[in-house]
Amino acid sequence: MIRAIRGATTVNDNDEREIIDETKRLLTEMIRQNDVHAEDVVSILISMTDDLNATFPAKALRHFDGWTYVPVMCMREINVPHALPKCIRVMMTVHTKRSQQDIHHIYLRDAVQLRPDLQLTKKSDI
């Protein structure tokens, strides 16, 4: 079965190191909480809001052993008035045996407000 795993986070500044580090943190949690292996990944789409342009957030994947051949694409998020600023969003499409309700979508930092309905009832150690 092919499923999509969503995730989002925010950064404080339009800074290359912070964007890469926070994207890495988000991807790590998406992978860990959904037991994803590189061979299971169809593709990863990463978007950033208009106020972020210091780097490509896909560079974060270079820190993961065995993820060299995973297709990843970066893009600009739609510039909607009053949208959450400095936000990085990820959609990871994977092969999995999990049902939709067993997928753990990960929202960190200020991005938790995007989908409070998907927050785990128990806080994880993120």
Inset, instruction - Please determine, by comparing only the residues of the range 10-64 that are of a type outside the set (Gly, Ala, Ser) and in a strand (DSSP E or B), which one is surrounded by the fewest Cβ atoms within 10 Å (Cβ to Cβ). - result: VAL42
Inset, instruction - Count, please, the residues in the range 59-117 that happen to be modelled with pLDDT under 90 and under 16 Å from ILE20 (Cα atoms). - result: 2
Inset, instruction - Report the residue count in the range 65-80 for those that are outside any loop (DSSP other than H, G, I, E, B) and either of a type outside the set (D, E, K, R) or touching a helix residue (DSSP H, G or I) at 6+ places or on another chain (Cβ under 7 Å) (or both). - result: 4
Inset, instruction - Restrict the check to the range 71-82 and report whether at least one residue is acidic (Asp, Glu) and over 18 Å from THR10 (Cβ atoms). - result: no
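Here is a yes/no grid of residues against (1) among the β-branched types (Val, Ile, Thr); (2) out of contact with any helix residue (DSSP H, G or I) (no Cβ under 9 Å at 6 or more places or on another chain); (3) in contact (Cβ under 8 Å) with a residue 24 or more places away in the chain:
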| position | (1), (2), (3) |
| --- | --- |
| GLU22 | no, no, yes |
| HIS82 | no, yes, no |
| VAL90 | yes, no, yes |
| SER99 | no, yes, no |
Legend entry - Yes/no for LYS97 being more than 24 Å from ILE2 (Cα to Cα) and out of contact with any Gly (no Cβ under 9 Å at 6 or more places or on another chain): no
Legend entry - Residue identified as in contact with a Lys or Arg (Cβ under 9 Å, 6 or more places away or on another chain) and among the basic types (Lys, Arg) among ARG76, ARG98: ARG98
Inset, instruction - Could you give me the residue pairs with C-beta distances under 6 Å whose first residue belongs to the range 28-51 and is more than 21 Å from GLU77 (Cα to Cα), whose second residue is in a strand (DSSP E or B) and not polar (S, T, N, Q) wherever it lies, and which are 6+ apart or on separate chains? - result: GLU29/ILE106; ASN34/ILE5; VAL36/VAL94; ASP40/VAL94; ASP40/HIS95; VAL41/VAL94
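The values are calculated or read from the model by the stated rules, or taken from the named source; none is laboratory data. The shown structure was predicted, so the numbers you read here are calculated from the model rather than taken from an experiment. Glycine also receives a Cβ, built like all others from the backbone with ideal geometry; neighbour counts cover every protein chain displayed.
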